[in-house]
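*Asks:* Please see the structure below; I have some questions.
The values are calculated or read from the model by the stated rules, or taken from the named source; none is laboratory data. Fair warning: this is a prediction, and the values are worked out from it, not measured in the lab. Backbone-built Cβ (ideal geometry, glycine too); neighbour counts: all protein chains shown. Calculation scope for accessible area: heavy atoms of the full protein, side chains included, ligands and nucleic acids excluded. Shrake-Rupley method; radii C 1.70, N 1.55, O 1.52, S 1.80 Å.
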Amino acid sequence: MTPSEARILELYRAFHGRDLDGFFGMLTLDVNWTNDTDDSRLIGKDALRAYLLYDTAPVRAEFAPIHIQALDDHRVSVLAQQVILSAADGSVWSDTRVRHTFTLVENLVARMDAERDVREADASTEALLTGLYEAIDIEDIDAVVALFHLDARIPDSLEQGAIVGREEIRAYYVRQFATIHVGSSLLSTRLLADGRVEAHLHVQVHGVEGGSWGEGRVTATYRVDGGRIIEMVIDKSSVG
């Protein structure tokens, strides 16, 4: 994790802990912030403080970061699950995905931009996953690795544990291709409430020298952002 990514996670923790002094201590005096109520901009700490304390008093916002990535020009992008609750009784008003983009100046947040209700188009998600399975089928290691984020996480199906980052993912698939051949066909996809994509597959496994090792249906869930896979999880109960 980069220092700028760690700084933004500190900002979220201060916000969720209602530590306003800590939160505002990580902003520039002339911070430029998205106003979610009317799509205008809030300029300066005083305007943002009034917005948080008074304008949005009837609600409580909670953000669960899904993926964080340092960009160029001192920016950090965060894909997060946003839940808006009633401050009075805790009832849920909305539950969507948002993307926050922070611009930092000397380790302080100078600007925040928000893209609300972020969803991957079904067609593009299916194309991404189909491309992954086709690349695995023909054992095109470069094409496989290119479909994952730099810090993506996948399960280690050959051993216990998790594979994290493109280099480890490359090494994993090199081992897999030397051991077994996996052919997968995408049967269906479904967008889950938390923004993950659930995929149902038909999988055939063969030894590298031929011979069937088994086949069946498998369910996997993916977190996807910006046309790249952030996380893959296999439902082991579905294997068979």
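*Asks:* Which one, Ala50, Ala70, Ala152, has the greatest fluctuation when you compute a Gaussian network model over the chain with C-alpha springs under 10 angstrom?
*Replies:* Ala50
*Asks:* Taking +1 at the Cβ of each Lys and Arg and -1 at the Cβ of each Asp and Glu, which of Val92, Ala70, Ala143 sits farthest along the dipole of the range 53-196 towards its positive end, judged by Cα position relative to the Cα centre?
*Replies:* Most positive-ward Cα: Val92.
*Asks:* After finding the eigenvalues of the alpha carbon gyration tensor for the range 40-122, what semi-axes result from the square roots of 5 times each, listed largest first in whole Å?
*Replies:* Three semi-axes, in Å: 23, 20, 10.
*Asks:* Ranked from the most accessible area to the least, with a 1.4 Å probe and all protein chains present, what is the order of Val83, Val174?
*Replies:* Val174, Val83
*Asks:* Let me ask something additional. Do you know the relative contact order of the range 54-151, to the nearest whole percent, from alpha carbon pairs under 8 angstrom that are 6+ apart?
*Replies:* Relative contact order, the range 54-151: 17 percent.
*Asks:* What distance in nm lies between label points placed 7 Å from Cα along the C-beta direction at Ala127 and Ser188?
*Replies:* Computed distance between label sites Ala127 and Ser188 equals 2.4 nm.
*Asks:* Separate question: Where the eigenvalues come from the Cα gyration tensor of the range 67-186, what are the semi-axes √(5λ) of the equivalent ellipsoid, largest first, in whole Å?
*Replies:* Result for the range 67-186: semi-axes of 35, 20, 14 Å.
*Asks:* Run the 1.4 Å probe and let me know the accessible area of Thr130, rounded to the nearest 10 Å².
*Replies:* 50
*Asks:* With +1 on the Cβ of every Lys and Arg and -1 on the Cβ of every Asp and Glu, and nothing else charged, how large is the dipole of the chain about its Cα centre, in debye rounded to the nearest 20?
*Replies:* Details: 23 positive and 39 negative charges, 81 e Å.
Here the chain has a charge dipole of around 380 debye.
*Asks:* Roughly how big is the range 1-131's charge dipole about its Cα centre, with Cβ charges of +1 (Lys, Arg) and -1 (Asp, Glu), in debye to the nearest 20?
*Replies:* Working: 13 positive and 22 negative charges, 54 e Å.
That gives the range 1-131 a dipole magnitude of about 260 debye.
*Asks:* Let me ask something additional. Can you work out the Karplus-derived ³J(HN,Hα) for every residue in the range 201-214? Use 6.51 cos²θ - 1.76 cosθ + 1.60 with θ = phi - 60°, whole Hz, and x for glycine or proline.
*Replies:* The phi angles translate into 10, 10, 10, 10, 10, 10, x, 5, 9, x, x, 7, 9, x Hz.
*Asks:* Here's another thing I want to ask about it. As I understand it, the dipole of the chain uses +1 on the Cβ of Lys and Arg and -1 on the Cβ of Asp and Glu, about the Cα centre. Which of Gly226, Phe24, Met112 lies farthest toward its positive end?
*Replies:* Farthest along the dipole direction, towards plus: Phe24.
*Asks:* Also: Per the helix-only calculation at 222 nm, which mean residue ellipticity applies to the chain, given -39500 (n - 2.57) for every DSSP H run of n ≥ 4 and division by its residues, nearest 500 deg cm²/dmol?
*Replies:* On the way: 6 runs with 61 residues, N = 240.
Roughly -7500 deg cm²/dmol at 222 nm, from the helical runs in the chain.
*Asks:* I'd like the carbon and sulfur percentage of the solvent accessible area for the chain, probe radius 1.4 Å, heavy atoms only, ligands and nucleic acids excluded. Provide the component values of the computation, followed by the final result.
*Replies:* Details: 6490 of 12470 Å².
Ligands and nucleic acids excluded, carbon and sulfur give 52 percent.
*Asks:* Take the alpha-carbon centre of the range 25-67, take the same for the range 143-218, and report the distance between them in whole Å.
*Replies:* If you average the Cα positions of each part, the centres end up 40 Å apart.
*Asks:* Separate question: If you build a Gaussian network model of the chain, linking Cα atoms that sit under 10 Å apart, which residue out of Arg153, Arg13, Arg111 swings the most?
*Replies:* Answer for the Gaussian network model of the chain: Arg13.
*Asks:* Among Ser77, Ser184, Ser91, which one shows the highest mean-square fluctuation when the chain is modelled as a Gaussian network with alpha-carbon springs under 10 Å?
*Replies:* Of Ser77, Ser184, Ser91, the most mobile in the Gaussian network model is Ser91.
*Asks:* Sequence gap at least 6, Cα distance under 8 Å: using those rules, report the relative contact order of the chain to the nearest whole percent.
*Replies:* 12
*Asks:* Just the number please: accessible area per residue for the chain, 1.4 Å probe, all protein chains included, in Å². Present the calculation step by step, with values, prior to reporting the outcome.
*Replies:* Numbers: 12470 Å² over 240 residues.
Spelled out: the 1.4 Å probe surface of the chain, per residue, equals 52 Å².
*Asks:* Two decimals is fine: what's Rg over Rh for the chain, C-alpha atoms, Kirkwood radius as Rh?
*Replies:* Computed over Cα atoms, the ratio is 1.06.
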